[in-house]
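See below for the structure under consideration.
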Amino acid sequence: MTHIQPDRATTPPGRHHGVESVTDILDQVIEIAQAETVTLRQVVERIGNASFAPILLLPALAVATPLSGIPLFSSLMGVVICLVATQMLIRRRHVWLPDWVLHREMKGDVVRKAFHKLYPAARWIDAKTGSRFRIFAHRPLVFIPQLVCVCSGALMPVLEFVPFSSSVMGVGVALLSLGMLTRDGIIIVLGLLPYSVVGWLIFSAVT
């Protein structure tokens, strides 16, 4: 198990450096994915392991792409979401992830194609976000989206058998982490809405 060495020891939890938007994150991942294979360690080191919100946003976006069709991929991303959100909740200064997660390899071209598909939505989202209702993005209310993200990540492996549930939760986590990244309380509130869809999908699967 590995503690990723910090890029900036003074960067507080949730603060990002060099990553200002969803398109910034896509650009970083796509640049790394020019290689034949890409690992989560490479991505985390590029974004910066004190950048909790961007790192939380990344697996949530991945679950919303065709990558979610890979067996157990949603479960793996759920583990990452749960670990990162838990560390945000307890106010760790730097992200820690186990070696078996960090060393997981994926084909670079598959990652590039999947994240390229997110560009139109990412540009639209970046144009609409702003610093609004910041009270929802600061303590104590920020505990709510952080706790929801923890629960979402923990449930993804369990709900892998429920069609589309992981992707819908991925959208929810993406909106919540984006709201925390941009300090946009409206986005955080919107991020809670997809969970009503998850509830309906679970209800439909068990009845």
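No lab work stands behind these numbers, since they all come straight from the coordinates. As the structure is a computational prediction, the values presented were derived from the model and not from experiment. Cβ atoms come from the backbone with ideal geometry, glycine included; neighbour counts cover every protein chain shown.
Tabulated data
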quantity	calculated
Loop chymotrypsin sites (Phe, Trp or Tyr not before Pro), segment 134-201 (other Cβ atoms within 10 Å of the site Cβ: 16 or fewer; DSSP)	F161, F164
Sequence of E160, E105 once ranked by neighbouring C-beta atoms within 10 Å, starting from the fewest	E105, E160
Residue-by-residue Karplus 3J(HN,Hα) for segment 152-158, coefficients 6.51, -1.76, 1.60, Hz, glycine and proline x	4, x, 5, 7, 4, x, 5
Tensor-based shape of the chain (alpha-carbon gyration tensor, a/c under 1.5 rounded, otherwise prolate or oblate)	rounded
Simple label model, 7 Å out from Cα along Cβ direction - R91 to F143, nm	1.2
